[in-house]
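**Student:** First, the structure itself, so that you have it in front of you.
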Amino acid sequence: MPTITIHERHYPVMKLFGERRLAIPLLATMAILATPVVGQGVAAAAAPCDYPAQQLNLKNWKVTLPTGSAGSPTEIKQPALATYSSNPWFMVNAACTGVRFRSPVNGVTTPNSSYARSELREMANNGTTNASWSATSGTHTMTFRLAFNKLPNDKAHVVGAQIHDGDDDVTVFRLEGSSLYITKGNTTHHKLVTSGYKLNTVFEGKFVVSGGQIKVYYNGVLQTTISHSASGNYFKAGAYTQANCGNSSPCSSSNYGQVSMYKLLVTHS
């Protein structure tokens, strides 16, 4: 809760009344200001660092986590997502400036992937239905600011943001060691953005989809234009660790990929 500070002031004290009479009302005022006022039956408001939805607008998102049972990872949708946090997988960072996504090599995976994720999936209609849009109709934009914080051992690969269609990923921002790539379908090294990325460096990325083309930006500079005309598209963002117990050791929750997200904005027009 915010702290109210009353700055010290020096008041002239008349001997006629004495210092004690002046001190009593001043102390009473301080006590009133410092006492929290809670109405009967009214719960205290959540601190702005309690839930990821207080840092990012998650109205039209759901999150998939690397927990749950085999082939059935934990999935949180709205309205539960508005007041949900999972330490250490999906939570507000220690500085209360963004959202931390963590996914270990031994995490629970979805049925169609061998890699675990702590990742948001775009939704529609206030989070009640899966988003699904055409690359040839309208303009669809996702702007994000993120930093890769940690990579798994041995196979040090993590995806931080992507466009997916009805079948597979279309293009992603993928960090491999210190090399940041934009992919194109199965071409994982389609466009090298930088070969000198340092962990915890924040950058801004953007996907703009319109007229059968995807324009991909890094820190405001166009990096590549990809032809894409499919429907059934949606955005994803978070930490999708591209390693598992078969290619990364140790096989434990201490071996993980992590991304911090500081901005996430989607528009459709």
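The values are calculated or read from the model by the stated rules, or taken from the named source; none is laboratory data. It should be emphasised that the depicted structure is a prediction, and the values quoted were computed from it without experimental measurement. Virtual Cβ from ideal backbone geometry, glycine too; neighbours counted across all protein chains shown. Accessible surface areas use protein heavy atoms only, side chains included; no ligands, DNA or RNA. Shrake-Rupley method; radii C 1.70, N 1.55, O 1.52, S 1.80 Å.
**Student:** Work through the residues other than residue 258 whose Cβ is under 9 Å from its Cβ and net out their charges, Lys, Arg +1 and Asp, Glu -1.
**Tutor:** Local charge sum for residue 258: +3.
**Student:** Same structure, new question: Carbon and sulfur: what percent of segment 67-125's accessible surface (1.4 Å probe)?
**Tutor:** Here carbon and sulfur together make up 49 percent of the probe-accessible area.
**Student:** Evaluate the distance, in nm, between pseudo-label points positioned 7 Å from the Cα of residue 197 and of residue 224 along their respective Cα→Cβ axes.
**Tutor:** 1.2
**Student:** I've got another one for you. Give, as ranges by residue number, the residues of segment 235-269 whose backbone N falls under 18 Å from the point 7 Å along Cα→Cβ of residue 67.
**Tutor:** Under 18 Å, as judged by backbone N against the label point of residue 67, lie 239-241, 252-259 of segment 235-269.
**Student:** Something else: Sorting 204, 176, 122 by accessible area (1.4 Å probe), largest first, what list results?
**Tutor:** 204, 176, 122
**Student:** State the extension gain, in nm to one decimal, for the chain segment bounded by residue 110 and residue 204, taking 0.36 nm per residue of separation less the distance between their alpha-carbons.
**Tutor:** Difference between extended and current length: 31.0 nm.
**Student:** How much accessible surface area, in Å² rounded to 10, belongs to the heavy atoms of residue 110 with a 1.4 Å probe?
**Tutor:** So the heavy atoms of residue 110 present about 40 Å² to solvent.
**Student:** Per residue, what accessible area does segment 161-269 have, given a 1.4 Å probe and all protein chains present, in Å²?
**Tutor:** Result: 42 Å² of accessible area for each residue.
**Student:** Roughly speaking, to the nearest percent, how much of segment 221-269's 1.4 Å accessible area is carbon and sulfur?
**Tutor:** Answer for segment 221-269 is 50 percent, counting heavy atoms of protein chains only.
**Student:** What is the calculated FRET efficiency for residue 231 to residue 262, with r their C-beta to C-beta distance and R₀ = 25 Å, to the nearest 0.05?
**Tutor:** Efficiency for this residue pair is about 0.20.
**Student:** Here is a further query. Hey, if we sort 96, 251 by accessible area with the 1.4 Å probe, largest down, what's the order?
**Tutor:** Solvent-accessible surface, decreasing: 251, 96.
**Student:** Could you sort 254, 269 by their accessible area in this structure, using a 1.4 Å probe and putting the largest first?
**Tutor:** 269, 254
**Student:** I would also like to ask the following. Add +1 for every Lys or Arg and -1 for every Asp or Glu among the other residues with Cβ under 12 Å from the Cβ of residue 56, and state the total.
**Tutor:** That sum, taken over residues with Cβ under 12 Å, equals +4.
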